[in-house]
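Here the structure comes first, spelled out in structure tokens, and everything after it is commentary.
The values are calculated or read from the model by the stated rules, or taken from the named source; none is laboratory data. Keep in mind that what you see is a predicted model, and the values were worked out from it rather than measured. Using ideal geometry, Cβ is built from the backbone for each residue, glycine included, and neighbour counts are taken over all protein chains shown. When the accessible area is computed, the model is the full protein with side chains, heavy atoms only, and any ligands, DNA or RNA have been set aside. Shrake-Rupley method; radii C 1.70, N 1.55, O 1.52, S 1.80 Å.
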Amino acid sequence: MMKYFGLPVLASKHGADVDRMVIYLHLIMALLFIGWGVYFVYALWRFSETRVKNADYVGARTHASTYVEVAVAVAEMVLLFAMAVPLWANAADEFPDPAKSTVLRITGAQFRWMARYPGADGKFGASKPELAASDNPLGFDRSDPAIKDDIFLDGTEIAVPVNKPVNAHITSLDVIHSFKVVPIRMTQDATPGYSVPVHFIPTRTNTYQIQCSQLCGNGHYSMRGYFKVLSQEDFDAWIKSKPTVGAGAVSYE
């Protein structure tokens, strides 16, 4: 059924539940629109001046509208408690084991996306706000041994392996941005001072566009990036080709 709705390509495990809920919600809204539209036309005909000469002060004598309203409320409750709440609970609570996931930090800034991966030690090095500078936007503490093998990408490209859980921590360097990858069915506001964790499992290798879905300044239109879903072998080769903080990680385009 989903193919008839023209939805974007789906590339994540949880995305099917998102699409299903969106479709059911729109079907209910379509039924309501048609039903109330038909009733409106019927009311115009049934209570027109040519049919009703005198006002009726008693009003409706049936409870049909009440039954319809109750049915709509029940359908909406089913959507809420059977689909929306479990979907949100999975997104907010059921995080995969970081040891078995791809862990990264994504930072929005006017007008680009920055990504940071832990190195071979699996640990992120320390960052301090007072160390932030034009050549060190995230304030890396280069005296911390754990930061030497961290991989920092300041530009337009982020990658993850396919069919492996991803734990991403999203924040912002300046104003509110919003990290959005439509095929992954992932949208999360990036707010200064907050690191918001999200998780998903990408299921289809390809290169997708990263969008900023919050108006973030005059250059908002240019805040695009590329989100690559690679095979594990290709991801390993990709990550090895990127510079580490210890080696003087530089911006790329």
Note the per residue figure in Å³ for the convex hull of the C-alpha positions in the chain. 186 Å³
Helix hunt in the chain: which complete DSSP H runs extend at least 30 Å axially by C-alpha with mean Kyte-Doolittle at least -1.0? 15-46
Whole-number accessible area per residue in Å² for the range 1-129, which is evaluated in the context of all protein chains at 1.4 Å: 71 Å²
Measure off, as a whole percent, the carbon and sulfur share of the 1.4 Å-probe accessible area of the chain, all protein chains present. 60 percent
The Kirkwood hydrodynamic radius of the range 37-157, taken as the inverse of the mean 1/r over all distinct Cα pairs, in Å, comes to 21.1 Å
For Lys164, the aspartates and glutamates lying under 14 Å Cα to Cα, once residues fewer than eight places off in the same chain are dropped, come out as Asp97, Glu233, Asp234, Asp236
Ranked from highest to lowest mean number of other Cβ atoms within 10 Å per residue, what is the order of the peptides 222-228, 193-199? 222-228, 193-199
Suppose only helical runs count, i.e. DSSP H with n ≥ 4. What mean residue ellipticity at 222 nm does that imply for the chain under -39500 (n - 2.57) per run, divided by all residues and rounded to the nearest 500 deg cm²/dmol? -8500 deg cm²/dmol
Enter the accessible area per residue of the range 130-253 (Å², integer; probe 1.4 Å; all protein chains in place). 48 Å²
Electrostatic dipole magnitude of the chain [Cβ: Lys, Arg +1; Asp, Glu -1; Cα centre; debye, to 20]: 740 debye
Within-14-Å neighbourhood charge of Asn90 [Cβ basis; K, R +1; D, E -1]: 0
Of the options Ala30, Phe140, Ser48, report the single residue whose Cα projects farthest towards the positive end of the charge dipole of the chain (beta-carbon charges: Lys, Arg +1; Asp, Glu -1). Ser48
Hey, any idea what the orientation-averaged projected area of the convex hull of the range 126-191's Cα atoms comes to, in nm²? 5.8 nm²
